[in-house]
Each structure stands twice: as structure tokens, then as C-alpha cells.
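Written out below as C-alpha cells is the structure these notes cover.
The values are calculated or read from the model by the stated rules, or taken from the named source; none is laboratory data. Just so it is clear, the model here is predicted, and its values are computed rather than measured. As a convention, Cβ positions derive from the backbone with ideal geometry for all residues, glycine included, and neighbour counts pool all protein chains shown.
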Amino acid sequence: MNAPDYLNPAVPRGLARVRLPVVDATEGNLAGYGRLVDDPASVKVAITRWPAAGWRPVDEDSGDEGGTTEGVFRSEWRGDVLYGRNEAVGGHYILAYGDEPADAREDHARPPSRMLLWHANYHPDGGQLFFPLDRAPFVVPLALPGDDVKPADFVAFRFDGSRGLYIHADVWHEGVFTVAGAQRFFDQQGAVHARVSVDFPREFGCLLEVPLA
């Protein structure tokens with residue numbers, strides 16, 4: 001499977017929509033996905049040990065020394081299109097749409113009432129930290145680990161902007177979604193940056209819908 005074209009996903013018109021539950025993020029309901037963060041300096045991003053190829057194990061003092069990379073993750077609405085740019089790994093993406101993707105326009109400043117998500121991924125090489133630098137509300141759709149993930153497995157966690165999010169390795173996500181305008185986040189993640197993807201239109205014939213109103 002080829003890597004997705006993040007800036008030209010060519011989402012077909014008229015797809016079904018799977019509406020996600022939206023919950024306020026708490027330490028309790030984030031269990032299994034990650035945890036809330038008050039101070040990014042206190043977080044040590046976990047790096048997954050390199051898997052053994054056979055029955056001999058990888059030595060315990062090796063295989064997890066690739067380290068982390070960090071930078072600013074920018075999340076910005078331009079009309080009906082939510083863009084993400086991750087300086088830590090040199091990524092530039094369309095994260096979501098505020099309207100039917102085939103009709104999406106970037107020539108207005110109306111705040112979105114929904115987000116339509118076409119893609120998600122996870123990182124098997126380590127965890128990931130997002131901390132809001134502009135202290136504004138944001139949303140992060142997450143699903144628990146497993147390659148047999150389904151659209152209905154996702155939950156949209158809502159944050160008020162006062163705290164950040166640490167995501168465990170293998171947890172499905174797709175960056176951070178500002179609910180309006182533009183936002184910056186401190187991002188730290190595994191330097192290997194292995195990525196496993198799910199493409200909702202092509203695999204399931206749908207988009208994930210997150211109401212923002």
C-alpha cells in the first residue's frame with residue numbers, strides 16, 4: 001500500500017459519515033490512550049524497543065536508543081480545510097474538512113461547525129506529546145491499538161487548551177485539531193517516525209464526523 005497523498009487525498013463525493021462521540025478529556029477516560037500533561041518538560045516520550053526477528057531477544061540495553069525529534073505542530077483552518085504542518089518530521093497534511101470535501105473552499109473565514117476526518121495513523125516506534133502553545137481549545141480523535149480498527153472505535157477527546165496530551169505508542173490518532181483559526185503545539189515524538197495508516201474513504205467508504213457546535 002502506497003503512502004497517502006496528504007495534500008491531495010481525492011476524497012469521493014457523497015460518502016457516508018460516522019459521527020463520533022465527543023467527550024471532555026480526563027485522566028480517567030484517557031486511560032489506555034495516553035494522559036493529560038501539565039508540563040511538557042516533565043514528559044519522557046517512550047521509545048519502543050526494536051522487535052526481535054527470531055527467538056533470540058534483543059538485549060535489554062539496546063534497541064530503544066533512536067531518541068526523539070521535536071518541533072512545532074501547526075493546526076490551521078483555511079476556510080473549509082484544516083491543514084497540519086509538523087516541523088518535527090517535515091510533514092504537511094490536510095487533516096480534515098469542515099464541509100463536503102469535493103466542495104471545500106479556502107476563501108472564507110467562517111468557523112467550522114464540524115470536522116470530517118479522512119485518515120488516521122499510529123506510530124509503533126514510540127509515544128507522542130502535543131502541548132498547546134496558544135492555550136486554545138482543540139480536539140483529538142483517538143482509537144485504541146489494533147490493526148483491525150473500525151470507524152466506530154474512535155472517540156473525539158475535547159481539550160480546553162490548558163493542558164496537553166501524551167499519546168502512547170500504537171494508539172490511532174491524526175495530529176491535533178484546532179476548533180477554529182490557527183494554533184501551535186509543541187510536538188515531541190520518536191525519531192524513527194514509523195507510521196501505519198487507515199484511509200476511511202477507501203477502506204470503509206466513509207468519513208468520520210466530529211461535531212464542533
Just for the range 30-63: of the residues that are touching a Leu at 6+ places or on another chain (Cβ under 9 Å) and outside any loop (DSSP other than H, G, I, E, B), which one is farthest from residue 154 (Cα to Cα)? 40
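Out of all the residues in the range 119-138, which are part of a loop (DSSP other than H, G, I, E, B) and touching an Asp or Glu at 6+ places or on another chain (Cβ under 7 Å)?
Step one: filter the range 119-138 for residues part of a loop (DSSP other than H, G, I, E, B), giving 123-125, 127, 133-137.
Across the range 119-138, the qualifying residues are 124, 137.
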Can you spot a residue in the range 168-181 that is charged (D, E, K, R), surrounded by 19 or more Cβ atoms within 10 Å (Cβ to Cβ) and within 30 Å of residue 102 (Cα to Cα)? yes
Going through 149, 89 one at a time, which residue ends up being outside any strand (DSSP E or B), of a type in the set (A, V, I, L, M), out of contact with any helix residue (DSSP H, G or I) (no Cβ under 7 Å at 6 or more places or on another chain) and under 22 Å from residue 209 (Cβ atoms)? 149
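For the range 183-213, enumerate the residues that are assigned to a strand (DSSP E or B) and β-branched (Val, Ile, Thr). Please lay out each step first, then the result.
Taking the range 183-213 first, the residues assigned to a strand (DSSP E or B) are 183-190, 196-199, 206-211.
196, 198, 210, listed by residue number.
Within the range 52-68, does at least one residue satisfy the condition of being surrounded by 14 or more Cβ atoms within 10 Å (Cβ to Cβ) and within 17 Å of the chain's Cα centre (by Cα)?
Pass one, the range 52-68, residues surrounded by 14 or more Cβ atoms within 10 Å (Cβ to Cβ): 63-64, 66, 68.
Checking which are within 17 Å of the chain's Cα centre (by Cα) leaves us with none.
Scanning the range 52-68, I find no residue that is surrounded by 14 or more Cβ atoms within 10 Å (Cβ to Cβ) and within 17 Å of the chain's Cα centre (by Cα), so the answer is no.
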Sole exception among (1) buried (at least 22 other Cβ atoms within 10 Å of the Cβ); (2) not in a loop (DSSP other than H, G, I, E, B) for residue 71, by number: (1)
Near pairs, Cβ below 8 angstrom, 6+ apart or cross-chain, from the range 157-182 (at negative phi and outside any strand (DSSP E or B)) to any residue that is of a type in the set (S, T, N, Q) and surrounded by fewer than 24 Cβ atoms within 10 Å (Cβ to Cβ): 169/48; 174/121; 176/183
Which of the residues belonging to the range 1-28 are farther than 16 Å from residue 206 by Cα, at pLDDT 95 or above, surrounded by 12 or more Cβ atoms within 10 Å (Cβ to Cβ) and not small (Gly, Ala, Ser)? 22, 23
Looking at 109, 104, 120, which one is surrounded by fewer than 21 Cβ atoms within 10 Å (Cβ to Cβ), touching a residue at least 12 places away in the same chain (Cβ under 8 Å), of a type in the set (A, V, I, L, M) and touching a strand residue (DSSP E or B) at 6+ places or on another chain (Cβ under 6 Å)? 104
